[in-house]
Structures are given as structure tokens and as C-alpha cells.
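The structure appears below as C-alpha cells.
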Amino acid sequence: MDCTGHRVDWASLGGIGLRARELAAEIARIADVAIFSPESRPETLDAGVRLVTRRSDWAAELRRSDLVYSFDSPSPERLSDLVRSGKPVIVENAPPLEHALYPSLARSADREEVYRHTVEAYREQLASGTFFTCRSAVERATLVANLCVTGRVTVEAMQASGALDSTVCTIPIGFSETAAAAARHELTRTKADQTFRVAWSGGLWTYLDPVFALDAVRIARSRGVPAELEFLYGRGNADNASVMSELLDAIENRGCGDFVTLRRTPLSHEEYFRVLARTSALICVGRRGVENDTCVRLRARDSRLFGLPTVLDRHGPTFDELTRDGLAHGADDPEEAADALEAIHQSRGDRVPLDSYSYRRTARDLCTWIEKGSWRR
């Protein structure tokens, strides 16, 4: 698995890295898996999964592999190596729309050239992929459309399956069996208390609106809801500096410091399960834009793993999917979000993981495709 653009060690983990790590654990039941992630810190992963962090090991790992799984933000150099090797490739990526919103790129004098290279890498993945996985129905739709316009959809392929099942499979955002067991264990031992804990689980990016969440909790508190708000992923970087500054100013100016926690350092593995198990609701509100229209947010995993009611915007497929899961509470403004928090507080009950999203179930088609070996040349 080439995770060049993403870290997979727990202390540095993001959404893509976590998905790759958990899919690797599932694939390791039928194959030996190496994750190449040169930015990651050395760490022992699941049984059958090796983490490779030395850049100099790339060529050897590529030579010994039978299949390569390529993810978002691929290294152009390693992608070229992969194409030249002729190895079969599984690709999971979405059109790189959010990249055009990164402040660090927007400030760059050669931003259009840099972005063009990002898009070209995605096009190369479309051209070279043997099999494709995607994270949601909307991402499958955009993938299939892009495969069509790049010449990858043929009459022969469509005769075999009008759904292109021989080329594409959908693995919804979910979790490993190990994570489900840990969540279930922590939920069982967590005792209910009076505090109503609300967690922002979506990171602090330009396409999200954390101040909306702050105002919603502030309004809910004014109505007697004993709510506290915790931002789980508050590490600063060049691409969230403006959002972070706006949030910190709002916390100070609105006098919210006594009920808001902004975590600047990553949660440890144990803390993650402990914090989410004692959380009563999640909130993650996105701004309108094509990024939110064409992707399901990776932090839907938190909602599904802990069975957490989630307050979010109504535009985009994240709301649609979590509504089908029975977890979504839509809100168009902070007042309506406060209404949702009040309702959740009044109806708190037992929570369990949504096992239908376990990769043990949803990654079956991928594992079957690997085991059948039709990709061998």
C-alpha cells in the first residue's frame, strides 16, 4: 500500500491513513501487506501488516509486491515507478477538488502549475488502475464518470456487469473488527454522568465551519443543556491557520472558554476510545461547496463506530448517508443545531457500533477479487 501522502502511525493519523491502516488489517487475512509511509513514525501494526518508513526501501518493496494499492495524494515519482513496473494497481482516490482550497496552495505564485500536477497524478491513477475502490455512492458515481471520459469504460466491460462490478467496488467509510471490539468494550464500561459532551470530530479545514458549532453549544447551554464542546483535532498547520484563528477569537469574544476544550496534541489510541465513549453527540458542519457535494467526510467513521448522533449541515452526501443510518440531525443555522442538541440530550440511550460498516463485511468484494487472482498477468 503506497501511503506516501499520508501518515499511518497513531500519533499522526488522519482520515486517509486510518482507512488505509484498517483496510490493510482486513487484507492481511488473505495476503502479506506492507504499508509504505515515509512520513510515519515506526510503529507495530496489526498482524500481517508491516509499516515501511525508510524512503530507500521503496524500490525493493515495489519489486517484491504482487499488487499495489494507491491512495489519495500519490507521489508523482512513485506513481511513475509503479506504472513502469507494470504491477497491477488498486486505486482509491477522489477528484482532487479540496486541494484547490488549501490556503498554502492559494498563496503560491505557481499555484495553477502545482494544482495541474495534482490533477495529472489523479488522471494517471485512473489510467493505470486495474481495480478501484471508493468510499460512497457519490464517489463511485464521480469515479465511473471519470473512468468513462478517460477511456477506461468499454463495451466489453459493460456487458460483463452494467454496474462495472468487475472494475469497481464500494467500501463505505467504516472500521475494523478490532476497533469495533475496542469501542464496544469502552462503551460498556463508561458510566453515564450529568455532563452532555459534544465533540467536533471533523478537523479544522477551510470547508468546515467550527464557529457554527461553538454558537450552537452556547445557545443550547442558555436553554439549560449542560453541554461541553471538545475539538478533538486542533493541531495547527499552514492550511488551517485562518480557521483556527477565527475559532480562537470566537471562543474569547463570546466568553466560551469555560466549556470549550481545543486539543492541540493528538489523542492516544486509548484516549480516542475513552473520549468518544463518553461523548453524547458529534457535530461537524460543512460550508457549501463541491468538496462537500462530492465526498462523504471520513469522520463519518466516528459516528458509525460509536453509534453517535451527529449534528451537521444538510447539503451533501454525508447528511444523506448518516440520515439513512439514523444518526443525522440536520441544521441550517446555530439555533436549529441547538434544537438538535437539546433533543439528543433529552433522548440519550445506549449506543453500539453499526456493525454493517465493519470492513470484515464491506471489504469482502475486494478481498475476493484479490484471492481470485484474475489480476495476475
The residue that is least open to solvent (accessible area, probe 1.4 Å), considering only those in segment 189-213 that are farther than 13 Å from PHE306 by Cα and over 23 Å from the mean Cα position of the chain (by Cα), is PHE196
Note: among SER374, SER347, just one is under 25 Å from ALA183 (Cα atoms) and open to solvent by 30 Å² or more (accessible area, probe 1.4 Å), namely SER347
The one condition ARG301 fails out of (1) in a helix (DSSP H, G or I); (2) farther than 22 Å from GLY330 by Cα is (2)
The lone condition SER65 fails out of (1) surrounded by 19 or more Cβ atoms within 10 Å (Cβ to Cβ); (2) in contact with a Cys (Cβ under 9 Å, 6 or more places away or on another chain); (3) not hydrophobic (A, V, I, L, M, F, W, C) is (2)
With criteria (1) within 29 Å of ARG107 (Cβ to Cβ); (2) out of contact with any strand residue (DSSP E or B) (no Cβ under 9 Å at 6 or more places or on another chain); (3) part of a helix (DSSP H, G or I), ILE219 comes up short on (1)
In segment 164-188, residues that are open to solvent by less than 50 Å² (accessible area, probe 1.4 Å) and free of Cβ contacts under 8 Å to residues at least 24 places away in the same chain total 1
Scanning segment 222-240 for residues that are assigned to a strand (DSSP E or B) and either open to solvent by 10 Å² or more (accessible area, probe 1.4 Å) or of a type in the set (Gly, Ala, Ser) (or both) gives ALA227, GLU228, GLU230
In segment 269-321, residues that are open to solvent by 40 Å² or more (accessible area, probe 1.4 Å) and over 22 Å from GLU98 (Cα atoms) total 5
Going through segment 4-32 in order, the residues found to be in a loop (DSSP other than H, G, I, E, B), farther than 16 Å from PRO42 by Cβ and either more than 12 Å from the chain's Cα centre (by Cα) or at pLDDT 95 or above (or both) are THR4, GLY5, ALA28, ARG29, ILE30, ALA31, ASP32
Result of the Cβ filter at 7 Å on segment 304-330, keeping first residues that are without any contact (Cβ under 8 Å) to a residue 60 or more places away in the chain and over 19 Å from ALA199 (Cβ atoms) and partners that are open to solvent by less than 20 Å² (accessible area, probe 1.4 Å) and assigned to a strand (DSSP E or B), at least 6 apart or interchain, is ARG314/GLY330; GLY316/GLY286
Those residues of segment 78-98 which are of a type in the set (D, E, K, R), under 26 Å from the mean Cα position of the chain (by Cα) and more than 21 Å from ARG21 (Cα to Cα) amount to GLU98
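Yes/no matrix, rows are residues, columns are (1) more than 30 Å from ASP293 (Cα to Cα); (2) part of a loop (DSSP other than H, G, I, E, B); (3) of a type in the set (A, V, I, L, M, F, W, C); (4) at pLDDT 95 or above:
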residue: ALA59; (1), (2), (3), (4): yes, no, yes, yes
residue: ASP66; (1), (2), (3), (4): yes, yes, no, yes
residue: PRO74; (1), (2), (3), (4): no, yes, no, no
residue: ARG84; (1), (2), (3), (4): yes, no, no, yes
residue: ILE90; (1), (2), (3), (4): no, no, yes, yes
residue: PRO96; (1), (2), (3), (4): no, yes, no, no
residue: SER104; (1), (2), (3), (4): no, no, no, no
residue: GLU124; (1), (2), (3), (4): no, no, no, yes
Among residues of segment 350-366 being in a helix (DSSP H, G or I) and out of contact with any Asp or Glu (no Cβ under 7 Å at 6 or more places or on another chain), the residue least open to solvent (accessible area, probe 1.4 Å) is LEU366
Conditions (1) of a type outside the set (Gly, Ala, Ser); (2) touching a Gly at 6+ places or on another chain (Cβ under 9 Å); (3) under 19 Å from ALA100 (Cα atoms) -> ILE173 fails only (3)
The condition of being under 22 Å from the mean Cα position of the chain (by Cα) and within 30 Å of ARG29 (Cβ to Cβ) holds, among SER56, SER75, only for SER75
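The values are calculated or read from the model by the stated rules, or taken from the named source; none is laboratory data. Being a predicted model, the structure only gives us computed values, none of them experimental. FYI the Cβ positions are ideal-geometry reconstructions off the backbone, even for glycines, and counts take in every protein chain you see. For the accessible areas, the whole protein counts, side chains as well, though only heavy atoms, and no ligand, DNA or RNA atoms are used. Shrake-Rupley method; radii C 1.70, N 1.55, O 1.52, S 1.80 Å.
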